[in-house]
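*Asks:* One structure follows; several queries about it will come next.
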Amino acid sequence: NPIDLRGLDPDEFWKFFQICAFGRIQDEHGDRELIGIAKQIADKLKCSPLAAKTVGRLLIKKPFQEHWMKILDNKEWLEENHDNDIIPALKISYDYLPFHLKKCFSCFSLFPDDYKFEKLEIICFWDSIGIIDCTRKNKKTEDIGSDYLDELLDNGFLIKGGDNFYVMHDLLHDLSRIVSLEECAYISCSSFDANEIPKTVRYLSIFMHDTHIQNFDEDMGKLKERIDIKNLRSLMIFGEYSRLRLVNILRDTFKEIRGLRVLSIFMNSHSSLPHNFSNLVHLRYLKLISPNYSKVSLPNTVSRFYHLKFLDVNRWGSDCSLPKDISRLENLRHFVAKKEFHSNVPEVGKMKFLQEMKEFHVKKESFGFELGELGKLEDLGVLNIHGLENVTTRQEAK
């Protein structure tokens with residue numbers, strides 16, 4: 001039978017909240033004023049450990065009576081919808097985030113529930129839509145993005161799931177959708193009302209599945225009329241689908257896209273791509289998901305996307321082919337793919353910002369695979385070289 005999970009026992013919760021807010025359980029020598037305020041705040045947190053951690057981190061950073069009273073008197077507490085509603089407490093913690101972290105947090109609303117956020121993926125997403133400002137700090141984009149993730153983690157908005165990925169509590173995910181409502185929309189193909197999507201949306205995600213979907217074409221038609229498709233900045237389509245009807249509905253809905261910076265889409269064949277795919281020259285981030293059994297090749301038009309910084313084809317089978325002029329992507333920083341893809345990029349030296357080469361094969365007979373190509377790549381953090389016996393001259397070795 002299902003177990004109804006409730007908050008902590010009130011006495012245990014108070015001990016836990018003291019550790020979150022003060023760093024330890026207070027004794028008789030503690031600050032009476034702050035302890036009194038903390039008790040009043042604790043009473044508003046519904047004995048929820050999540051609320052205790054997020055609000056507690058807000059308190060412990062500034063252990064001053066004036067700051068704590070501002071939090072206690074915050075009008076957000078009045079927005080509670082039911083006895084166990086802790087969203088107001090989480091919203092207060094969000095309100096105290098600096099502006100750049102608010103923007104970063106809002107972006108998580110575009111991903112499905114229980115999503116594992118890969119560190120590199122989310123940093124590149126932020127960079128692609130212009131959140132990361134490298135002009136203010138003498139640091140790499142990746143380092144600034146990593147700092148942002150650490151700050152969100154420290155403020156209790158993320159949970160470290162492993163070395164390279166993060167997860168988010170479902171209530172915080174709900175909060176991200178509340179605070180980003182005017183700009184970001186995440187919809188499920190089986191249950192959404194186009195009339196409820198704000199006209200100001202610029203970042204859109206759709207969760208797809210292949211089962212029968214009633215009224216999907218009608219709702220997508222309304223959506224196309226309601227939001228400014230041409231000026232969408234990101235479009236992410238999650239889930240796998242192959243039914244021609246669904247593919248055609250998506251192609252028709254998004255045939256006018258022009259200004260995308262981010263595109264993530266399931267690609268079962270070239271017909272899965274938007275009508276206007278070859279003209280998406282502003283793309284910074286492209287993730288193409290294809291089943292391993294598929295023999296589809298990477299579209300030749302990808303090499304036109306000069307501004308592309310992040311290309312993810314990691315789920316593609318190793319026998320899929322690359323465009324011959326893929327090295328035209330001179331601004332590419334991250335090529336997330338199997339090693340067979342990396343080893344088949346001719347003239348890779350043109351990709352001077354590339355940060356990883358899983359394999360480079362020196363080839364005698366093939367132009368563009370000389371060892372000298374590697375000398376132009378100054379940002380590589382990972383490199384494996386094969387075929388050194390094919391190096392023919394002392395100059396090339398240098």
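*Asks:* Hey, does region 204-219 have a residue that's in a loop (DSSP other than H, G, I, E, B), in contact (Cβ under 8 Å) with a residue 60 or more places away in the chain, open to solvent by 40 Å² or more (accessible area, probe 1.4 Å) and of a type outside the set (Gly, Ala, Ser)?
*Replies:* No, every residue in region 204-219 fails to be in a loop (DSSP other than H, G, I, E, B), in contact (Cβ under 8 Å) with a residue 60 or more places away in the chain, open to solvent by 40 Å² or more (accessible area, probe 1.4 Å) and of a type outside the set (Gly, Ala, Ser).
*Asks:* Just to be sure before I move on: is GLU142 closer than 22 Å to LEU308 by Cβ and in contact with a Leu (Cβ under 9 Å, 6 or more places away or on another chain) in the structure I sent?
*Replies:* The answer is yes for GLU142.
*Asks:* Here is a list: HIS307, HIS282, HIS275. Which entry is assigned to a loop (DSSP other than H, G, I, E, B) and touching a helix residue (DSSP H, G or I) at 6+ places or on another chain (Cβ under 8 Å)?
*Replies:* HIS275
*Asks:* Now, a different point. If you scan region 324-382, which residues turn out to be among the charged types (D, E, K, R), in contact with a helix residue (DSSP H, G or I) (Cβ under 7 Å, 6 or more places away or on another chain) and at negative phi?
*Replies:* Residues satisfying the conditions are ASP325, ARG328, GLU330, LYS350, LYS352, LYS358, GLU359, LYS363, LYS364, GLU370, GLU373, LYS376.
*Asks:* If I ask for residues that are among the hydroxyl-bearing types (Ser, Thr, Tyr), over 27 Å from ASP127 (Cα atoms) and open to solvent by less than 60 Å² (accessible area, probe 1.4 Å), which ones from region 268-296 would you list?
*Replies:* If the condition is that a residue be among the hydroxyl-bearing types (Ser, Thr, Tyr), over 27 Å from ASP127 (Cα atoms) and open to solvent by less than 60 Å² (accessible area, probe 1.4 Å), then SER269, SER271, SER294 are the ones that fit.
*Asks:* Is there a residue in region 220-234 that is closer than 24 Å to LEU288 by Cβ, at pLDDT below 95, β-branched (Val, Ile, Thr) and in contact with an Asp or Glu (Cβ under 6 Å, 6 or more places away or on another chain)?
*Replies:* Within region 220-234, one or more residues are closer than 24 Å to LEU288 by Cβ, at pLDDT below 95, β-branched (Val, Ile, Thr) and in contact with an Asp or Glu (Cβ under 6 Å, 6 or more places away or on another chain).
*Asks:* Here is a list: ARG315, ARG251, ARG245. Which entry is among the charged types (D, E, K, R), in a helix (DSSP H, G or I), open to solvent by 10 Å² or more (accessible area, probe 1.4 Å) and farther than 18 Å from SER205 by Cα?
*Replies:* From the options ARG315, ARG251, ARG245, the qualifying one is ARG245.
*Asks:* Moving to a separate point now. Are any of the residues in region 373-382 without any contact (Cβ under 8 Å) to a residue 24 or more places away in the chain and more than 17 Å from LYS309 (Cα to Cα)?
*Replies:* Checking region 373-382: not a single residue is without any contact (Cβ under 8 Å) to a residue 24 or more places away in the chain and more than 17 Å from LYS309 (Cα to Cα).
*Asks:* Would you mind stating whether ASP127 is within 13 Å of the chain's Cα centre (by Cα) and under 19 Å from SER176 (Cα atoms)?
*Replies:* yes
*Asks:* Look through region 285-304, keep the residues that are modelled with pLDDT of 90 or more and part of a strand (DSSP E or B), and return whichever of them is farthest from ASN231 (Cα to Cα).
*Replies:* Top of the filtered list is LEU288.
*Asks:* Quick check, is ILE265 part of a loop (DSSP other than H, G, I, E, B) and open to solvent by less than 10 Å² (accessible area, probe 1.4 Å)?
*Replies:* Criteria not met by ILE265.
The values are calculated or read from the model by the stated rules, or taken from the named source; none is laboratory data. Keep in mind that what you see is a predicted model, and the values were worked out from it rather than measured. Glycine gets a Cβ as well: all are built from the backbone with ideal geometry, and neighbour counts include every protein chain shown. For accessibility, only protein heavy atoms count, side chains too; no ligands or nucleic acids. Shrake-Rupley method; radii C 1.70, N 1.55, O 1.52, S 1.80 Å.
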